[in-house]
Amino acid sequence: MSANPTHWSIRARLKTRQLLLLVALQDEGNINRAAQVLSMTQPAASKLLKDLEETLGVPLFDRLPRGMRATWYGETMIRHARMALASLSEAHDEIEALKAGRFGQVSVGAITAPGMTLLPPAVAQVKEEHPSLRLSLQIETSDVLMERLAQGKLDMVIGRLFERHDKSDLRYEALVEEPVSAIARPGHPLLSNPRLTLRDLVDHGWIVPGQGTVLRHRFELMFQEVGLVAPVNLVETSALLFLTKMLQQSDLLGVAASDVARYYAEHGMVALLPIQLPCKMDAFGLITRSDKLLSPAAKVMLRALKNAALAIYGTQLTSAGLE
């Protein structure tokens, strides 16, 4: 489908300095200070803004006695101006990296479990193929990662999409549902009971994620679904370092994604309780922005993640994002 001719006209008439001016006006709130920031005269800045408003056919700022305030139209243009300028900066950085003999850079975010299982083999593949490619990795909650993806601070995310997330400009490919395990210190008395049930666990103290998290909701629900009142002797935290240390020093129990639990168990820090919890987290997936083309470096990383997903989870993903 061809682009709307009006869109092409606007693109042709837009100037980078107009985008810079919009951002400066938002940041400074005053056209004199904005002009100073951009090393131009106030009349020149006023003319740039007037030309842009005439091109778009809408007022972008309300002129107030003590400054300027963006209208709703202005807020929209400023948001896209920031994105466009950030993209131009990224292009410059990529070109400078290529000139210096580097392949480029890519930023990836992941929630904890795939951060421990999926990222390492994918990163190993990328570094073997392109040693000079610079990787930035972040392990955070899905909400934090999705915000950074929207801001252009991440190229891709391995996480969960919830109803509250704006999905209009996102590409999501599900990877796998996440089972959950109960854990305790090595030598815990419950480890000797091969027929553990939830009733055996309900009166123990637990270390659990805070209210409002997916895992906390599923943890409470699994007890309620078998007619039990959820445990009330609780310590709330999502800090895995505290969780593992506290378990080693007490008879408290913990709950964690099974991949995470197995990792700590393999290193002798915790033990898996002999019970299969009737509890699963929502599937997590590979998330990229459909409104932004990936750089060559990001495509290398995306391809490596899809290869690793096939090897680890048996999930065959499409070639979306690699075109």
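The values are calculated or read from the model by the stated rules, or taken from the named source; none is laboratory data. This one's a predicted model, so the numbers in the text were calculated from it and none came from an experiment. We place every Cβ from the backbone using ideal geometry, glycine too, and count neighbours over all the protein chains shown.
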Next on the checklist: Looking at the stretch 300-311, I want the residues that are over 16 Å from Leu135 (Cβ atoms) and assigned by TED's automatic domain parsing to the domain that holds Arg134 and have a partner that is of a type in the set (Ser, Thr, Tyr) and surrounded by fewer than 23 Cβ atoms within 10 Å (Cβ to Cβ) with Cβ atoms under 6 Å, at least 6 apart or on another chain. Which pairs are those?
Outcome noted: Ala309/Thr315
Checklist entry - Does the stretch 204-224 contain any residue that is more than 21 Å from Ala283 (Cα to Cα) and acidic (Asp, Glu)? => result no
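So which of Arg82, Arg63 is farther than 29 Å from Leu293 by Cα and among the charged types (D, E, K, R)?
Going through Arg82, Arg63 in turn, just one is farther than 29 Å from Leu293 by Cα and among the charged types (D, E, K, R): Arg63.
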Item to check | Contacts under 7 angstrom Cβ, first residue in the stretch 13-42 being at positive phi and charged (D, E, K, R), partner in a helix (DSSP H, G or I) and modelled with pLDDT of 90 or more, 6 or more apart | outcome: none
Checklist entry - Applying the selection to the stretch 237-254, what residues are part of a loop (DSSP other than H, G, I, E, B), surrounded by fewer than 16 Cβ atoms within 10 Å (Cβ to Cβ) and in contact with a Pro (Cβ under 9 Å, 6 or more places away or on another chain)? => result Thr237, Asp251
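May I ask you to list the residues in the stretch 220-244 that are under 24 Å from the mean Cα position of the chain (by Cα) and at pLDDT 90 or above? Working first, answer last.
Going through the stretch 220-244, the residues under 24 Å from the mean Cα position of the chain (by Cα) turn out to be 236-243.
Within the stretch 220-244, Glu236, Thr237, Ala239, Leu240, Leu241, Phe242, Leu243 meet the criteria.
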Next on the checklist: As an exercise: evaluate Ile275 against (1) closer than 30 Å to Arg171 by Cα; (2) in contact (Cβ under 8 Å) with a residue 60 or more places away in the chain and give the number of the one condition it does not meet.
Outcome noted: (1)
Checklist entry - So which residues in the stretch 121-142 are in a helix (DSSP H, G or I) and either in contact with a helix residue (DSSP H, G or I) (Cβ under 8 Å, 6 or more places away or on another chain) or surrounded by 14 or more Cβ atoms within 10 Å (Cβ to Cβ) (or both)? => result Pro121, Ala122, Val123, Gln125, Val126, Glu129, Ser142
Checklist entry - For residues in the stretch 151-191 being assigned to a strand (DSSP E or B) and among the hydroxyl-bearing types (Ser, Thr, Tyr), which is surrounded by the fewest Cβ atoms within 10 Å (Cβ to Cβ)? => result Tyr172
Next on the checklist: Looking at the structure I just gave you, is Ser107 polar (S, T, N, Q), assigned to a strand (DSSP E or B), in contact with a Leu (Cβ under 8 Å, 6 or more places away or on another chain) and at pLDDT 90 or above?
Outcome noted: yes
